[in-house]
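The values are calculated or read from the model by the stated rules, or taken from the named source; none is laboratory data. Bear in mind the structure is a predicted one, so any value in this text is a computation, not a measurement. To get the accessible areas, we keep the full protein, side chains included, count just its heavy atoms, and leave off ligands, DNA and RNA. Shrake-Rupley method; radii C 1.70, N 1.55, O 1.52, S 1.80 Å.
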Amino acid sequence: MPEGWLGRLRSELKEPYFKALSTFLAGRLRQKKTIFPRPEQWFAALSAVSFDDVRVVILGQDPYHGIGQANGLCFSVGEGVKRPPSLVNIYKELHTDLGIEVRSSGSLSGWSEQGVLLLNSVLTVDEGLAASHQGQGWETFTDQVIRHLAQERTGLVFVLWGAYAQKKGAFINRTQHLVLESAHPSPLSAYRGFFGSKPFSAINTWLISRGQIPITW
């Protein structure tokens, strides 16, 4: 974890909830459970974007639980990995919104390089068991990530797709930041307000209005 993040989050690592989380994860590993993503990728989202370089936050729920999918960046998969349905729908909306051709690659690392923090609320999951690590402490940790950004930075864009993300971001000050909310891109909800929401153009319009370079999506 880069120092900019660690300096703000170091105290969290000493909290009882984080010690309990660490014990839980260690226990899963001792039981030979397969956890996604790999341990060295648990904090990949924070490693990919320094605190001071964050411009946009896209908030996910928990990692993909299929083999070879999760890489520590929400909604993203590695090169050569089949794009999951939610990511397919994100690309569809990107095409509708900005006319960008749908890419075969499911890697969103290029977004991170431009200051887009791709943060899941829960940073680990058991193979094949969606939401299996919810309620173990990750939510408290990632709440602190969001709080530090919301309180110490101004003019960020927070993208909250779905009720879960919207509840998690309820404390963000809307007068200091742009908050974009819509349905989740999952096939179960994308037609209830995600498609047609045009978040990518809204983000770039905001950045340009503040004298910043838009994201190359």
**Report entry** With all protein chains modelled, accessible area of residue 3 [1.4 Å, Å²]
**Finding:** 110 Å²
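Go ahead and estimate [θ] at 222 nm for the chain from helices alone: -39,500 (n - 2.57) per DSSP H run with n ≥ 4, summed, over the residue count, rounded to 500.
Dividing the helical sum by the residues of the chain leaves -10500 deg cm²/dmol.
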Report summary line: For region 64-184, the per residue accessible area (1.4 Å probe, Å²) is 41 Å²
Requested in this report: Rounded to the nearest Å, what's the spacing between the alpha carbon centres of region 36-113 and region 147-191? Just the number, please.
Outcome: 17 Å
Requested in this report: Measure off, as a whole percent, the carbon and sulfur share of the 1.4 Å-probe accessible area of region 118-199, all protein chains present.
Outcome: 50 percent
Query raised in the report: Which sequence of 119, 98 reflects their accessible areas, 1.4 Å probe, from the largest down?
Result: 98, 119
Query raised in the report: Protein chains only, probe 1.4 Å: how do 213, 172 rank by accessible area, largest first?
Result: 213, 172
